[in-house]
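Input: a single structure, listed below in structure tokens.
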Ligand SMILES: [Zn+2]
């Protein structure tokens, strides 16, 4: 097995050979024999596990999508179909001698109970996180101790890609929840031995509590969701706190516009910090791992550095499902290579990437692993309100979010959809609520937002409402909601 330190410098052919090898084995020895869902999918489509020998063979396997995981009236616990469920008979039938011999040896020397424990450590669920959609029921994703070890490994790789020194102290302000982000940071700390303080975010300790902890810890790195991190730093500046210890900010769970990276660095400078690196990361529940950008002088977007031995990413045309050539825009599809417990395969993430996957060596760190372009539209942040029809035009709300967070005049914002006069039969109205930076003027800013909306989203706001910062923070539920309320659909149902 080639380790991470070598793998990240291996050439594309070497990486591909490794993936071919791991993929074939994974399908034959884990996915097909132990996954009720995929065994049926293969059988129904006449695919034999032996036919999957290379990454190119993946396209024989039908794609899986979110819908396939959701409960149905006939099968309210559908998620269970995706959990690898070996038993002594299937293990005996599926595993080659190379894998069975160590178990037999263990049985002779330590007894059958020891073998059971070994198998349990590999397969039995002991931990879970949930997908975060609000419209559909959350889907649980289980981890076995083997998967927890993967989370340790990817934690260490994240730290390596972001080049964080081991003596850094980390303040993790991701919301405490059964969500990947919080736990990925937690296990990264466990694996690397870095001092990590996980505050649980604003809803648990409040921004005052968080800031007290960060200043006392003299944290070097601040890690959390963009909206809350920005809120914390703004408060630190207005309270006159000293954050000179902070040298890097890691943002997760959402796409980060360049203007926000700048605003964050600027606030940190005001709080006494020197040069600060701001990183974006990418991860999702179903992957049970996260990926990061590497450091650059000007906080450029370097793309998310992948782990070719742990997962294969494809980019497909979302309309046809066809795999697209390198570098083309499309939807990301995820296939794990070392997963146990809950396992999805050729999974449509719903995330759209502009610029696809890049295979040229990273110009900043020189790593040769593939990188997903940082220009990613997350489906997870749009779940309910993704492409909303406003005034007859489809509007991608995440583009609205990028546009507003990017503007230096805008402190906080919320978008509300109403019906004119609150009449369900009337036309849609798009209302933009804004809290402006001190000294910025209402009308010119509104005009700027109006022009940007019109040219980039082809829809124009009907009203602007201006609020003070405190009222605005209350409106979006900063520190009181698990996730800030950025989009409100107040249209009465006809
Ligand atoms: Zn790099």
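The values are calculated or read from the model by the stated rules, or taken from the named source; none is laboratory data. As the structure is a computational prediction, the values presented were derived from the model and not from experiment. Counting neighbours? That spans all protein chains shown, and the Cβs are built from the backbone with ideal geometry, glycine included.
Details
- Matching residues in the stretch 294-308 - criterion: being at pLDDT 95 or above, more than 8 Å from the ligand (Cβ to nearest atom) and in contact with a helix residue (DSSP H, G or I) (Cβ under 7 Å, 6 or more places away or on another chain): 307, 308
- Yes/no for residue 242 being outside any helix (DSSP H, G or I) and either without any contact (Cβ under 8 Å) to a residue 60 or more places away in the chain or closer than 26 Å to residue 398 by Cα (or both): yes
- Any chance residue 486 is surrounded by 14 or more Cβ atoms within 10 Å (Cβ to Cβ) and out of contact with any helix residue (DSSP H, G or I) (no Cβ under 8 Å at 6 or more places or on another chain): no
- Lone unmet requirement of (1) at negative phi; (2) at pLDDT below 95; (3) part of a strand (DSSP E or B) for residue 291: (2)
- Test: residue in the stretch 67-89 that is touching a strand residue (DSSP E or B) at 6+ places or on another chain (Cβ under 7 Å), at pLDDT below 95 and over 24 Å from residue 183 (Cβ atoms): no
- Taking first residues from the stretch 288-301 that are touching a residue at least 12 places away in the same chain (Cβ under 8 Å) and over 23 Å from residue 339 (Cα atoms) and partners that are more than 9 Å from the ligand (Cβ to nearest atom) and in a strand (DSSP E or B), the Cβ contacts under 7 Å between residues at least 6 apart in sequence or on separate chains come to 293/279; 293/280; 293/304; 295/277; 299/277; 299/278.
- Looking only at residues of the stretch 174-185 that are touching a helix residue (DSSP H, G or I) at 6+ places or on another chain (Cβ under 8 Å) and in a helix (DSSP H, G or I), we find that the one that is surrounded by the most Cβ atoms within 10 Å (Cβ to Cβ) is 185.
- Restricting the stretch 318-362 to residues that are within 16 Å of the ligand (Cβ to nearest atom) and without any contact (Cβ under 8 Å) to a residue 12 or more places away in the chain, the residue that is farthest from residue 158 (Cα to Cα): 360
- Selected residue (criterion: nearest to the ligand (Cβ to nearest atom)) from residues of the stretch 366-401 that are assigned to a loop (DSSP other than H, G, I, E, B), surrounded by 18 or more Cβ atoms within 10 Å (Cβ to Cβ) and modelled with pLDDT of 75 or more: 367
- Residue among 197, 158, 217 that alone is buried (at least 23 other Cβ atoms within 10 Å of the Cβ) and touching a residue at least 24 places away in the same chain (Cβ under 8 Å): 158
- One residue stands out in the stretch 294-329 among those that are within 17 Å of the chain's Cα centre (by Cα) and not in a loop (DSSP other than H, G, I, E, B): the one that is surrounded by the most Cβ atoms within 10 Å (Cβ to Cβ), namely 304.
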